[in-house]
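Okay, so here's the structure we're looking at.
Throughout, read-outs are computed from the coordinates displayed, never taken from laboratory work. None of the values given here were measured: they were computed from a predicted structure. In this analysis, Cβ positions are derived from the backbone assuming ideal geometry, glycine residues included, and neighbour counts consider all displayed protein chains.
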Amino acid sequence: MKKLLATLLGASLVSLLGACGGGGGAAIPDTPEGAAFEYRHGVMEAVAYKVARLRSMAMGEIPANDAAFAKDAKDVAALASMIPEGFIPNSIVGPSIAKPDIWTNKADFDAKAMEFQKNAEALAMTASAQGFEAAKGMVQAVGQGCGGCHRPYRASREE
Ligand code: HEC
């Protein structure tokens, strides 16, 4: 029984690993397009982490701190500026859920990234000049940038 359990556990670990890396149906190709997908996925994960923290501070779920809040906002602005370069042509690869419309409307897609960046910069500026209390109401505008871009340019999964 113990042995069976270990085997089962081992098998599910292997399939889990397969799902996020090599092997499996949605493998990321070892090409410049695959690398671009991995890069932008990493940027998005970092953006999500930082914006979740800003939201939690704004909502009083975690302790807020002027300096940490301003830094997270600044980081989001920097990450936002890194979004467009991850969307190189023909890079809907592996598990990507990017929509082809990104490349037919690249100027609009880039403008959405820029607007997201500008909102994060405004948040960072207000936070460092006037503090957390004055800036916290601006988190919502930054957060709206996610859905504003995901709705037209990302398939299925909700924001
Ligand atoms: C300018 C457009 C744009 C903005 C702004 C944007 N995203 Fe994305 N995001 C995308 C696209 C396109 C994808 C799909 C990329 C792919 O799969 O190739 C994506 C993917 C993701 C992913 C990867 C996981 C998944 O479900 O595919 C996360 C997490 C994510 N975004 C979170 C966020 C959050 C949180 C924000 C806002 C704070 C945000 N994004 C802002 C365009 C954007």
*So which residues in the range 28-71 are buried (at least 16 other Cβ atoms within 10 Å of the Cβ) and in a loop (DSSP other than H, G, I, E, B)?*
28, 64
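Looking only at the range 125-159, count how many residues are assigned to a helix (DSSP H, G or I), of a type in the set (Gly, Ala, Ser) and within 14 Å of the ligand (Cβ to nearest atom). First the steps, then the outcome.
Going residue by residue through the range 125-159, those that are assigned to a helix (DSSP H, G or I) are 125-130, 132-153.
Applying the additional criterion that residues be of a type in the set (Gly, Ala, Ser) yields 127-129, 134-135, 137, 141, 143, 145, 147-148.
After this cut, where a residue has to be within 14 Å of the ligand (Cβ to nearest atom) as well, the list is 141, 143, 145, 147-148.
Qualifying residue count for the region: 5.
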_Members of the range 105-135 found to be aliphatic (A, V, I, L, M) and over 10 Å from residue 80 (Cα atoms), listed by number_ = 107, 111, 122, 123, 124, 125, 127, 129, 134, 135
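Suppose we keep only residues that are basic (Lys, Arg) and touching a helix residue (DSSP H, G or I) at 6+ places or on another chain (Cβ under 7 Å) within the range 76-124. Which one would you say is nearest to the ligand (Cβ to nearest atom)? Step through it out loud before you land on a result.
As a first pass, look at the range 76-124 and keep what is basic (Lys, Arg): 99, 106, 112, 118.
Imposing the further condition that a residue be touching a helix residue (DSSP H, G or I) at 6+ places or on another chain (Cβ under 7 Å) reduces the set to 99, 112.
Numbers: 99: 7, 112: 4 Å.
Among those that are basic (Lys, Arg) and touching a helix residue (DSSP H, G or I) at 6+ places or on another chain (Cβ under 7 Å), it is 112.
Tell me, yes or no, whether the range 85-99 has at least one residue that is touching an Asp or Glu at 6+ places or on another chain (Cβ under 7 Å) and among the β-branched types (Val, Ile, Thr).
First, the residues of the range 85-99 that are touching an Asp or Glu at 6+ places or on another chain (Cβ under 7 Å): 88, 90-91, 93.
Next cut, among the β-branched types (Val, Ile, Thr) only: 88, 93.
So far as the range 85-99 goes, yes, one or more of its residues are touching an Asp or Glu at 6+ places or on another chain (Cβ under 7 Å) and among the β-branched types (Val, Ile, Thr).
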